[in-house]
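Data block below; observations after.
Values quoted throughout were computed directly from the atomic coordinates according to the rules given, and no laboratory measurement underlies them. None of the values given here were measured: they were computed from a predicted structure. Note: ideal-geometry Cβ built from the backbone for every residue, glycine included; neighbour counts use all protein chains shown.
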C-alpha cells in the first residue's frame, strides 16, 4: 500500500460520527463545518418511519424525521463533549418542535447517539443543564439511538457556502448565528 493511502486509511480509522438535530440543517451544517477536527458534515434526515424521504415529505412533519446533520470528526482534535457544547449553544434546546420560525417535529432538538458512551454523555449533559438552570425552561432535547440516516438532496449540502450571496435567508438567519458562534468558539475554529 502506498504511504498516502496508508495515511488516508489511518485517518478514516481515527474518526467518529455524531448526529444532531437543531432545527434547520442549513444553519447547523454551516456551524459544524467550521470546527477544527470536523472532517465532514452532511445534511439529512433521521428518526422517522419512511424510507428514503424527500425534503418535501419531511417538511409535512408526517414522516417522523428530524432535519439533522451527521458530523464525522477526529476525536484526537475535538471531543464528543465539545461537540455537545456547540450543539447546546447554537440552538434553543428548550423549545419543543420549534426553532425560530420553523415549527414542527422535523425541527425538534435531537441527539442521535451512535454508542453507549455518546448516550451517557448526552444524558449527563442534558441533566446537568437542567439541574444547574442553564436555561429559563427545561431542556427538551430528544436523546435516541441513531437509526437510518438519509442524505438530503444535493442542493441542501453546503447550503450556506453555495447561497450566502444570493439567498436572503443566509444573511438574515444563518450569518448572525455564524458570527455569534465564531465569537464564542473562536479557539475551536479551523485555521485557514
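Listed values, structure above:
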{"item": "Convex hull volume per residue in cubic angstrom - Cα atoms of region 14-187", "result": "116"}
{"item": "For region 68-146, convex hull of alpha carbons as volume per residue, Å³", "result": "95"}
{"item": "Relative contact order (percent, whole number), region 1-160, Cα cutoff 8 Å, 6+ residue spacing", "result": "31"}
{"item": "Separation between Cα centres of region 86-105 and region 133-152, rounded to whole Å", "result": "9"}
{"item": "Segment residue 120-residue 72, length gained on full extension (0.36 nm per residue, minus Cα span)", "result": "15.4 nm"}
{"item": "Residue 127 versus residue 179: modelled label distance in nm, points set 7 Å from Cα along the beta carbon direction", "result": "4.0"}
{"item": "Calculated P(r) of region 108-192 - Cα pairs past 22 Å, %", "result": "54"}
{"item": "Extension gain, residue 103 back to residue 136 (0.36 nm per residue minus Cα-Cα distance, nm)", "result": "9.9 nm"}
{"item": "Residue-span extension gain [residue 52 to residue 79] - 0.36 nm each, minus C-alpha spacing", "result": "6.7 nm"}
